[in-house]
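A.B. asks: Starting off with a structure, shown below.
The values are calculated or read from the model by the stated rules, or taken from the named source; none is laboratory data. Note that the coordinates shown come from a computational prediction; the quantities given were computed from them, not determined experimentally. Cβ atoms come from the backbone with ideal geometry, glycine included; neighbour counts cover every protein chain shown. To get the accessible areas, we keep the full protein, side chains included, count just its heavy atoms, and leave off ligands, DNA and RNA. Shrake-Rupley method; radii C 1.70, N 1.55, O 1.52, S 1.80 Å.
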Amino acid sequence: DPQLLVDASFRTQQRAHLSSIMEGVSQMLYVRDTHRNQHRSDGRVIDLLIFPELAIHPQDINTRILPFVRKHKCIMLFGQVYHQKEPKTGSPLINSCLWMIPEWTNSKGLQIHRIEQGKKNLAQPEANFIPAPISFRPAQWLIEYQWHSDMAKHRPLRLSASVCYDATDLALAADLRSRSDLYIVCALNQDVGTFDRMS
């Protein structure tokens, strides 16, 4: 049952584990920053943090993930546990990952954009779940990341991501080949070799 991931006792355990991980990453970044001779002008010590498929519960995004993104001004990409796309309408469960992208503008200050990347090609075990998640990938997103302060001379990097078996979609891989610089696969799968070969 994919909805066991919202069981109260499991959620308490999962939330504590996520809090420990986020604190551990923050401490690692602090230790690393104290031993560096050069500090970046924007104050960032991390550009991108990735969590695997089905790693984060939607109820933990605002309380655990958002503060980290605001503090470190880094992009995060993480798989969400099975959830309803439209919770108030009782819609079917989907499997997706979420981009959280900080952007600073003079007019609005720091804004955190949320972009959901769905999973179209479900794994065989997912089809046997009750209730079964549905296929969901209305778009394949390309995220532009301005990695250099001299924007006139250095174009943004183009990032894209897929959830697990979507990475085996040959048509998608062919489309992204000339359009993206970095392709991320959020997967909860021990068969890393398959994804390495696909890359």
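A.B. asks: Is it the case, given these coordinates, that Lys73 is open to solvent by 50 Å² or more (accessible area, probe 1.4 Å), at pLDDT below 90 and of a type in the set (Lys, Arg)?
C.D. replies: Taking the combined requirement at face value, the residue does not satisfy it.
A.B. asks: Let me ask something else about it. Only residues in segment 99-113 that are in contact (Cβ under 8 Å) with a residue 60 or more places away in the chain and within 16 Å of Met76 (Cβ to Cβ) count as the first member; pair them with residues that are of a type in the set (S, T, N, Q) and open to solvent by less than 70 Å² (accessible area, probe 1.4 Å), Cβ under 7 angstrom, at least 6 apart or cross-chain, and list the lot.
C.D. replies: Trp99/Gln117
A.B. asks: Residues that are open to solvent by less than 60 Å² (accessible area, probe 1.4 Å) and under 19 Å from Gln80 (Cα atoms): which strands (runs of 3 or more DSSP E) entirely in segment 92-199 hold 3 or more of them?
C.D. replies: 96-105, 109-118, 157-163, 182-186
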